[in-house]
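Have a look at the structure below before the remarks.
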Amino acid sequence: MTMKFDLKQQTVRELNQALHDLPKDATDEINVDNLMGEHNVAVGLDQPISVNLNGHAGYYCAGMNQKAEVVINGNAGQGVAENMMSGKVHVKGNASQSAGATAHGGLLVIDGDAAARCGISMKGVDIVVKGSVGHMSAFMGQSGCLVVCGDAGEALGDSLYEVHIYVKGRVESLGADCVKKEMRAEHLEELSQLLKEAGCEDDPAEFTRYGSARQLYTFKVDNASAY
Amino acid sequence: MSEKQPGLIESATFSRDVINEIQRAADTGIYDIRGFGAKRKVPHFDDLLFLGASMSRYPLEGYREKCGTDVTLGTRFAKNPIKLDTVVTIAGMSFGALSANAKEALGRGANMAGTSTTTGDGGMTPEERKTSKTLVYQYLPSRYGMNPDDLRKADAIEVVLGQGAKPGGGGMLLGQKITDRVAKMRDLPKGIDQRSACRHPDWTGPDDLAIKIQELREITDWNVPIYVKIGATRTYYDVKLAVKAGADVIVLDGMQGGTAATQDVFIEHVGIPTMAAIPQAVRALQEMDMHRKVQLIVSGGIRSGADVAKCMALGADAVAIGTAALIALGCNHPKWDEEYQKIGSAAGYYDDYHEGKCPAGISTQDPELAARLDPELAGRRLANYLNVLTMEAQTLARACGKSHLHNLEPEDLVALNVEAAAMAGVPLAGTDWIPGRHSY
Ligand SMILES: Cc1cc2nc3c(=O)[nH]c(=O)nc-3n(C[C@H](O)[C@H](O)[C@H](O)COP(=O)(O)O)c2cc1C
């Protein structure tokens, strides 16, 4: 079934409630026009539905997503797909700060650039950014993968736990405890898979891998200034 | 420690405790991390007294005339506000910091007394959801274990901006408490220190918070109340901003508030006393015409029904207890004194919650230690204690002629010293002088 919404005619509340009210196994296709920067559009979804959002999204678009596939045909504001659990969110434009923050699962694809703190505190999500990411990306990242086809800003992977970071372009600087690592076969395979899922043509061999040096894992006096 | 001999004069500046701390710092090269709340003496509720009724007011008959203790929280926007039988609630304490048995005991005790419990850093366990009839789910900067399924299972959501023990600070759960289960809940490797951030990862400032609160409401279809918890510092402004951002309930935690693990220097030197913070919060609410519409829950050093009643008189709608609830379960009980001694402490002094060696089986993840706490028995003890707090508060309210705890008012209080008078905004006993307020 196809449903149509227009945020010029309907409120975000009406849209979200209608989506939440769909049965758990719904596979509907939903088209939403005129996003006009509205916040909290399509948050808390929990069905394998496809949602097409036309226009620019405000904060937290597709926040806490489960199972749904959400496409934003425009730019996304702060915290797109924050705390996503599963499913897929695809931003066709650029994404503002904290894209995919704390997300536990699923795939976030950003065709343009992502601003500061992309993947901050990520907990299992995979994020593929076709452009560049801003400073402090993957800050305190716990698990999952961050793939950047462009460049990365300052302090990439600061205080990193177990996230795998792959960057094709230049890295302005690495954050505390984040180091360059060897790209082994399993990493190339993981990266190829993610690039494929995100629809990228880039050659995995051109990427560099970064990860945690694991020096901050247990408190050491000599590291006190890094905490 | 040597007995004090005449002629041996201890320095007030360099006391033996201070000397000990300097030597400890020199030995280890690391600041002291501990649990519990501030240990220094600060102006507190003990510095306030009630004016019982006599000629100009008349009291209510104890046991016979009704004195209500119930409270409804979250009446501003939520479809389903929380209704509790007593104004005393259980503060947020994480599974991780506390054993599963301790969490279960808190739930059992709270259910018996008709009140709520709160999750903590690390997420919601299925057991605590099952045990606690009314459960508040914390939304913290770390977002450990945060997920929309649990969010929808919660009876209320508490957005944590800070704690009284460490306003402006994050958390730290040391590796020794990270078992497989705790690690899994937090998506981190086992046995490593877990740092909790001090700021939320996807918003900063009150305007963002308004959108964040709206997001949480949208996800939960506007069903449950949203609390905002702040550590007491610039309380007047923080409360105004939290109300503006759309909070249903403000949770205000004063500097004496307990913690599971924080630097001692933070616990003792940051924030303002609970008593000083309440009038600031109430003034902010009143100026916005939101007093009693946005409910105020106060915590930080609440021990007795007198403390509860004094919070109510200063304008709180409810209180929350952390440390006192753990003590009711059995924390620092003399029966464990020998065991406390073995780990370099003593019953009545134990504050190393972060080490996970709690002899009473409360602040530990060691299965053998945790098994020492019988959740049924400990829950019964907590229920007893909660009932005593409520009855004591009622006794004082009736003495002031009040048929509900919420009818207590600042006018019922006086202060024992100038500091308390100025902070609480009530007259110095025996005078009509409130320092800082002119009344000519
Ligand atoms: C063992 C322990 C664990 C705590 N964990 C949390 C937590 O996870 N989140 C939080 O907001 N506050 C936490 N707190 C603070 C309490 O929620 C509450 O603010 C404080 O205990 C109130 O002061 P009181 O202990 O003097 O009653 C914790 C406190 C203790 C004692």
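The values are calculated or read from the model by the stated rules, or taken from the named source; none is laboratory data. None of the values given here were measured: they were computed from a predicted structure. Methodologically, a virtual Cβ is constructed for each residue, glycine included, from the backbone with ideal geometry; neighbour enumeration extends over all protein chains shown. Heads up: the accessible areas ignore ligands, DNA and RNA and are worked out on the full protein's heavy atoms, side chains in. Shrake-Rupley method; radii C 1.70, N 1.55, O 1.52, S 1.80 Å.
Structure values in brief
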| item | result |
| --- | --- |
| Residue list for the range B:212-254, filter: in a helix (DSSP H, G or I), open to solvent by 10 Å² or more (accessible area, probe 1.4 Å) and within 16 Å of the ligand (Cβ to nearest atom) | B:238 |
| Residue check for residue B:176: among the polar types (S, T, N, Q), surrounded by fewer than 24 Cβ atoms within 10 Å (Cβ to Cβ) and either more than 9 Å from chain A (Cβ to nearest Cβ) or not in a helix (DSSP H, G or I) (or both) | yes |
| Every residue from the range B:296-341 that is hydroxyl-bearing (Ser, Thr, Tyr) and either within 12 Å of the ligand (Cβ to nearest atom) or part of a loop (DSSP other than H, G, I, E, B) (or both) | B:299, B:304, B:323 |
| Restricting the range B:134-156 to residues that are more than 13 Å from the ligand (Cβ to nearest atom) and polar (S, T, N, Q), the residue that is nearest to the other protein chains (Cβ to nearest Cβ) | B:147 |
| Search result, residues across the range B:192-203 that are of a type outside the set (Asp, Glu) and within 8 Å of chain A (Cβ to nearest Cβ) | B:192, B:195, B:197, B:201, B:203 |
| Residue within the range B:389-412 that is under 23 Å from the mean Cα position of the chain (by Cα), modelled with pLDDT of 95 or more and assigned to a loop (DSSP other than H, G, I, E, B) present | yes |
| Condition met for residue A:44 (touching a Pro at 6+ places or on another chain (Cβ under 7 Å), assigned to a loop (DSSP other than H, G, I, E, B), within 15 Å of residue A:15 (Cβ to Cβ) and within 12 Å of chain B (Cβ to nearest Cβ)) | yes |
| Some residue of the range A:4-17 being in a loop (DSSP other than H, G, I, E, B), within 19 Å of residue A:103 (Cβ to Cβ) and open to solvent by 10 Å² or more (accessible area, probe 1.4 Å) | no |
| Filter result (at negative phi, out of contact with any helix residue (DSSP H, G or I) (no Cβ under 9 Å at 6 or more places or on another chain) and away from chain B (no Cβ under 14 Å)) within the range A:147-168 | A:148, A:150, A:151, A:152, A:153, A:154, A:156, A:165, A:167 |
| Qualifying positions in the range A:88-101 - in contact with a strand residue (DSSP E or B) (Cβ under 6 Å, 6 or more places away or on another chain) and within 13 Å of another protein chain (Cβ to nearest Cβ) | A:95, A:99, A:100 |
| Which listed residue is open to solvent by 10 Å² or more (accessible area, probe 1.4 Å) and not in a loop (DSSP other than H, G, I, E, B), from A:169, A:112, A:144 | A:144 |
| Tabulated pairs, the range A:68-85, first facing chain B (nearest Cβ under 9 Å), second of a type in the set (D, E, K, R), C-beta under 8 angstrom, 6+ apart or interchain | A:78/B:202; A:78/B:208; A:79/B:202; A:82/B:202; A:83/B:143 |
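A quick yes/no check of all residues on (1) more than 28 Å from residue B:41 (Cα to Cα); (2) surrounded by fewer than 19 Cβ atoms within 10 Å (Cβ to Cβ); (3) among the small types (Gly, Ala, Ser):
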| residue | (1), (2), (3) |
| --- | --- |
| B:387 | no, yes, no |
| B:407 | yes, yes, no |
| B:418 | no, yes, no |
| B:421 | no, no, yes |
| B:429 | no, yes, yes |
| B:436 | no, yes, yes |
